[in-house]
1. Build a GNM of the chain with springs between Cα atoms under 10 Å: which of Asn80, Asn45, Asn24 gets the top mean-square fluctuation?
2. Please state the relative contact order of the range 12-60 as a whole percent: Cα pairs under 8 Å, 6+ residues apart?
3. Taking the chain as the reference, fit the longest principal axis to its C-alpha atoms, fit the long axis of helix 46-64 to the helix C-alpha atoms, and give the angle between the two in degrees, 0 to 90, nearest 10.
4. Given a 10 angstrom Cα cut-off, can you work out which residue in Lys35, Lys81, Lys63 is the most mobile in a GNM of the chain?
5. How large is the accessible surface per residue of the chain, computed with a 1.4 Å probe and reported in Å² as a whole number?
6. Please find, in a Gaussian network model of the chain (springs between Cα atoms separated by less than 10 Å), the residue of Ile54, Ile41, Ile67 whose mean-square fluctuation is greatest.
7. Round to the nearest 0.05 the FRET efficiency obtained for Thr14 and Ala62 when R0 = 22 Å and r is the Cβ-Cβ distance.
8. Report, please, the projected area of the chain averaged over directions, based on the convex hull of its C-alpha atoms, in nm².
Amino acid sequence: PIVGNFVANLHGETSELWEAYRNNMLYKACDKAEKMKEHGIDPLNCGEEELADIFIRTLDTAKSLEIDLGRAVKLKNAFNKTRPFRHGNKRA
């Protein structure tokens, strides 16, 4: 797999989430809302849609790279719990 393609796709979805926020659209119906309704699917707002896309792309990337994402998240979360709040005095 070409890692750059996966990273670019994740970046693209993240950028779409950022743009939805910047345009005050996070809680407004996504552009696919009407199509979703036609298929009997509850429509998503832009924030939900973009976060779902990021999550789906992340899962796809992990599978393609043969990374056990569940294990990685569990271990990383355990490590993060050992770190002090705002380590390095970072604000974000």
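The values are calculated or read from the model by the stated rules, or taken from the named source; none is laboratory data. Model, not experiment: these values are computed from the prediction. Note that we place each Cβ from the backbone using ideal geometry, even for glycine, and neighbour counts take in every protein chain shown. Just so you know, the surface numbers come from the protein's heavy atoms only, side chains and all, with ligands and any DNA or RNA stripped out. Shrake-Rupley method; radii C 1.70, N 1.55, O 1.52, S 1.80 Å.
1. Ranking Asn80, Asn45, Asn24 by mean-square fluctuation puts Asn80 first.
2. Working: 48 pairs, mean separation 20.6, N = 49.
With pairs under 8 Å counted, the relative contact order is 42 percent.
3. 50 degrees
4. Maximum among the listed residues: Lys81.
5. On the way: 7640 Å² over 92 residues.
On a per-residue basis, 83 Å².
6. Ile41
7. Numbers: r = 16 Å, r/R0 = 0.73.
It comes to 0.85.
8. Working: hull surface 33.7 nm².
Average projection, Cα convex hull of the chain: 8.4 nm².
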